[in-house]
Amino acid sequence: MGKALEGVRVLDMTHVQSGPSCTQILAWLGADVVKIEAPGGDITRKQLRDLPDVDSLYFTMLNCNKRSITLNMKSERGKELFTEMVGQFDILAENFGPGAVDRMGFSWETLQEINPRLIYASIKGFGDGPYTHFKAYEVVAQAMGGSMTTTGFEDGPPLATGSQIGDSGTGMHAVAGILAALYQREHTGRGQRVTVAMQHAVLNLCRVKLRDQQRLTHGPLNEYPNREFGDAVPRSGNASGGGQPGWAVKCAPGGPNDYIYVIVQPVGWEPITKLIGRPELADDPEWSTPAARLSKLDKMFQMIEDWTSEHGKWDVLAKLNAHNIPCGPILSTKEIIEDTSLAENEIVVKVDHPERGEFTTVGMPIKLSDSAADIQRSPLLGEHNQEIYGHELGVPDNELAELKANGVI
Ligand code: COA
């Protein structure tokens, strides 16, 4: 069976997380992704190592299905080899600090001259303006994209979320841009520039909070648990952010992840009243409608918690789902990595690695019926130098040895 992006070639100059998360998806869609690393390697190969002298999980979980070559972009021969490759590839992707590729001698104009069909994708922290030249990491984007200000409880500090919305979230936006550019090239014959700023991607994911910012100018946000409102959207703890109220309530036996998130749709109220042992509230005008409950959501969830705290979260999940009540137990990372249904869905996947042995990674979240992803291990540093420089670019063996000795590859 062929793959969706079979024949598409990606020159992958990405590092750390945002860029590699993008090119890994392209690889899983079937593109030939060749990762170019400085001879010292992507910094994440050595970061947060759990085993000595072995590529870290940070690296191996973001660079599956790629080939790796080393290349010193600051050497003359390195620039020549790069120029040759740019002519042969469809996509160049990078997420260096602002201006780094230009400083290597490759502006967008230069790249277009080398290959007018090239799609050149960059991830940066920010768009044009006062922050353009600033570097960015995950939580910087969360801080400036609307996430931190709206995450946490009203009486506590802003919080970072565990989801890597700034890094991998931006990477997924870049995938969309690259695929659209590939499609447009079918009609125009031309490549184009694709840029995604981490601040913009986080803001896109925080869209509903800008909805609420505008609603706030017309009065308090009644569905929020907060009692007082200033001139900006407050942190609202575990409030759902949607039109239906929700909250994380405690379950037995009271461990750090013994919670379940429960959403009370209008239709769910009656079965909930029975489950929690308060059937009289189903028809009580003080409680029977969403409008009546709105001003006392805290009391409503307290009553629900009085019931859930007597039961385990899996038991509560079954009981609520028997009545079609949307809910989700808080799954710990241990529960997730051991979850058989996630393994069966190939979203938690085991991969063999020549140096670290078997490791677990997160597989392809996008399922295509005609292009199933086949998750393969990440490459060792420079593992494909011979294959790409020798076989594909025709660099003779003696020159390859010389390039290695001189630190060009
Ligand atoms: N050969 C030679 N030099 C290379 C090279 C290669 N193959 N690959 C990279 N380099 C050099 C670059 O030329 C650059 O050098 P210069 O600054 O002298 O021009 C340097 O390595 C990379 O710089 P930079 O990307 O700024 O690295 P950093 O470690 O200082 O900063 C980030 C890291 C992540 C903060 C920065 O890359 C960044 O802001 N990226 C954009 C946003 C982003 O993706 N953030 C991280 C999300 S996980």
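The values are calculated or read from the model by the stated rules, or taken from the named source; none is laboratory data. Here the structure is a predicted model, which is why all the values come from computation and not from measurement. Ideal geometry is used to build each Cβ from the backbone, glycine not excepted, and the neighbour counts take in all protein chains shown. Side chains included, ligands, DNA and RNA excluded: accessible areas come from the protein's heavy atoms. Shrake-Rupley method; radii C 1.70, N 1.55, O 1.52, S 1.80 Å.
Suppose we filter Asp370, Asp374 for residues that are of a type in the set (Asp, Glu) and either in contact with a Leu (Cβ under 6 Å, 6 or more places away or on another chain) or surrounded by fewer than 13 Cβ atoms within 10 Å (Cβ to Cβ) (or both); which single one remains?
Unique residue meeting the criteria: Asp370.
Kindly establish whether Ala180 is of a type in the set (A, V, I, L, M), assigned to a loop (DSSP other than H, G, I, E, B) and away from the ligand (no atom under 12 Å from the Cβ). No; evaluated as a whole, the condition is false for this residue. Would the stretch 77-85 turn up any residue that is over 21 Å from the mean Cα position of the chain (by Cα), part of a loop (DSSP other than H, G, I, E, B) and within 16 Å of the ligand (Cβ to nearest atom)? No. Among the residues of this structure, Tyr224 counts as one that is among the aromatic types (Phe, Trp, Tyr) and under 28 Å from Thr149 (Cβ atoms). Entry remark, the stretch 9-25: residues being away from the ligand (no atom under 16 Å from the Cβ) and either crowded, with 21+ Cβ neighbours inside 10 Å or at positive phi (or both) number 0 in total. Contact map, the stretch 77-98: first residue in contact (Cβ under 8 Å) with a residue 24 or more places away in the chain, second residue open to solvent by 30 Å² or more (accessible area, probe 1.4 Å) and more than 11 Å from the ligand (Cβ to nearest atom), Cβ cut-off under 6 Å, separation 6 or more or different chains; pairs are Thr83/Ile114; Val86/Ile114; Gly87/Ile114; Phe89/Arg9; Asp90/Arg9.
In the stretch 120-138, the residues that are among the charged types (D, E, K, R) reach residues that are open to solvent by less than 40 Å² (accessible area, probe 1.4 Å) and near the ligand (Cβ under 6 Å from one of its atoms) with C-beta atoms within less than 6 angstrom, at least six apart or across chains, in these pairs: Lys135/Gly97; Glu138/Asp167. Taking each residue of the stretch 383-409 that is over 18 Å from Glu37 (Cβ atoms) and looking for partners that are assigned to a loop (DSSP other than H, G, I, E, B) and of a type in the set (A, V, I, L, M) with beta-carbon atoms closer than 9 Å, six or more apart or interchain, yields Glu402/Val408.
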